[in-house]
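Take a look at the structure below.
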There are 2 protein chains.
Amino acid sequence: MADYAVLTTVTNQPGMLFGLTRVLADHHANITYVDIIHHRDRDPEIYLEFSVDGSVDPLAGELRRISGVSSLELTPSFSKIYGKRIIIMGGGAQVGQVALGAITEADRHNIRGERISVDTIPLVGEEELASAVRAVVRLPRVRLLVLAGSIMGGDISRAVEEVRAKGLVVISLNMAGSVPDVADPVVSDPVQAGVMAVMAVADTPKFDIIPHHKPRY
Amino acid sequence: MADYAVLTTVTNQPGMLFGLTRVLADHHANITYVDIIHHRDRDPEIYLEFSVDGSVDPLAGELRRISGVSSLELTPSFSKIYGKRIIIMGGGAQVGQVALGAITEADRHNIRGERISVDTIPLVGEEELASAVRAVVRLPRVRLLVLAGSIMGGDISRAVEEVRAKGLVVISLNMAGSVPDVADPVVSDPVQAGVMAVMAVADTPKFDIIPHHKPRY
């Protein structure tokens, strides 16, 4: 099975994704990524990554002939371009410092051929943060979450337990509240937390920064 | 039309997205966002946001009964949780400083009810950066790109012209190479570039930071 990515421009009407996925299903293609891109002033685009046996040309030809598809191009895939993602969320002051450490460290790994993105959202409020934590496991390519703030607990801690049960690694800054009790490693220095987050997801280093016992740095 | 978001757990086989989108097309639902989430140790999930007339319950019932769908839940939508995105790419040193400004400013807006995420990727190399710039317009919810480095030109500049033609706002740091010539505003201080990027996409301020003439700060 070879991997392909296509970008189609389609008319803004219900059923377009259905039409495209029907052709892919007919060809036994396994869709690995899909995105609908909306534009304010022109037709939407649908982007698909998939693997399929044999040549992609007959499949691409059928996709082009679907009513409502105005153009189709083969493109490089996202996972090759943006790679793994780390998400940092919490208070702006701390999120900025964690990002600084993570970006500097990601730079060092990406120079050696990795692709690691560092994504952040500064957010305040127990309910908002708990929702954002729960939604992280639905974002594509996310490997690790860093919670950066001065106090986090309550429903945020329950959300951390849920996403950890789903396999996500969660690093917490040392802070007030119960989040440090339910996270994986707890780190006091935000810059170091960012660096460790990147080291934990990188394939380049030869050691395991997230051991099975719960460390505090 | 009311907006809904559903998260389904499905078996890992071709045709699942086709099955789900067929039911949505039958109900004339307009799909606005879709994501396939892969897991190393359990079944993949397909997440869909859509708008539809009337109650979502009969539609959700039909989706649940599709062969291969093992569970379905209604969830809050991503756009409500993570909001608009700014992407910062380039050299680690500058990306970190732009992120610091952007995250601090996003914090101030998010406290007043906005949802602005700041995403970064430190990258080196003309070809890698040009590909990443071109791919930005295929990422969901992206409003603005900041290019942060010391020298960028060649194919990166052609990529900037292409994404600007598609409506993306591109802020460039003042740097060597031709990228500052083809970008929207050019900013010398990276922290200020990050702050301006957030101001440009926020709905809270009452002024336009990206005027029609090309400013240099």
(message) A drop of at least 50 square angstrom in accessible area, chain alone versus all protein chains together, probe 1.4 Å. Which residues of segment A:78-112 meet that?
(response) A:PHE78, A:ILE81, A:TYR82, A:LEU100, A:ILE103, A:ASP107
(message) Measuring nothing but label to label, 7 Å from Cα along Cα→Cβ, what are B:ASP155's distances to the other copies in nm, shortest first?
(response) 4.8
(message) Tell me which DSSP H helices of chain A clear both cut-offs, 24 Å or more of axial length from alpha-carbon atoms and a mean Kyte-Doolittle hydropathy of at least 0.0.
(response) A:92-111
(message) So the label point sits 7 Å from Cα along the Cα-to-Cβ vector; using that for B:PRO215, what distances do you get to the other copies, in nanometres, sorted shortest first?
(response) 4.7
(message) Looking at the protein assembly as shown only, what percent of DSSP beta bridges run antiparallel? Nearest 5 please.
(response) 50 percent
(request) Determine the share of segment A:67-117's accessible area contributed by carbon and sulfur atoms, expressed in whole percent, with a 1.4 angstrom probe. (result) 53 percent
(request) Might you work out the accessible area of B:GLU127 for me, using a 1.4 Å probe with all protein chains in place, and round it to the nearest 10 Å²? (result) 140 Å²
(request) Could you go through segment A:139-144 in sequence order and give the Karplus-derived ³J(HN,Hα) for each residue, using 6.51 cos²θ - 1.76 cosθ + 1.60 with θ = phi - 60°, rounded to whole Hz, and x for Gly and Pro? (result) 7, x, 6, 7, 10, 7
(message) Contact order normalised by length for segment B:14-99, with contacts defined as Cα pairs under 8 Å and 6 or more residues apart; what percent is it?
(response) 21 percent
(request) Taking amide H positions as placed in the peptide plane 1.01 Å from N, state which residues far from B:GLY149 in sequence (5 or more) or on other chains have amide H under 5 Å from it. (result) B:GLY91, B:LEU173
(request) May I ask you to give the solvent-accessible area per residue for the protein assembly as shown, in square angstrom, as obtained with a 1.4 angstrom probe? (result) 40 Å²
(message) For chain A, report the % of Cα-Cα distances exceeding 33 Å.
(response) 32 percent
(message) How big is the protein assembly as shown along each principal axis, measuring the range of its Cα positions in Å and listing the largest first?
(response) 51, 51, 47
(message) Below 8 Å between Cα atoms, with a sequence gap of 6+, how large is the relative contact order for segment A:20-168 in percent?
(response) 20 percent
(request) Please compute how much accessible surface disappears when A pairs with B, both sides summed, using a 1.4 Å probe, and round it to the nearest 100 Å². (result) 5400 Å²
(request) Would you mind calculating the gained length between A:ASP26 and A:LYS166 on full extension (0.36 nm times residue separation, minus the Cα-Cα distance), in nm to one decimal? (result) 47.1 nm
(request) Report the semi-axes of the equivalent ellipsoid for segment A:13-133 in whole Å, largest first, where each axis is √(5λ) for an eigenvalue λ of the Cα gyration tensor. (result) 36, 20, 13
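The values are calculated or read from the model by the stated rules, or taken from the named source; none is laboratory data. Model, not experiment: these values are computed from the prediction. All Cβ positions, even for glycine, are placed from backbone atoms using ideal geometry, and neighbour counts span all protein chains on display. Ligands, DNA and RNA are excluded from the accessible area calculation, which covers all protein heavy atoms including side chains. Shrake-Rupley method; radii C 1.70, N 1.55, O 1.52, S 1.80 Å.
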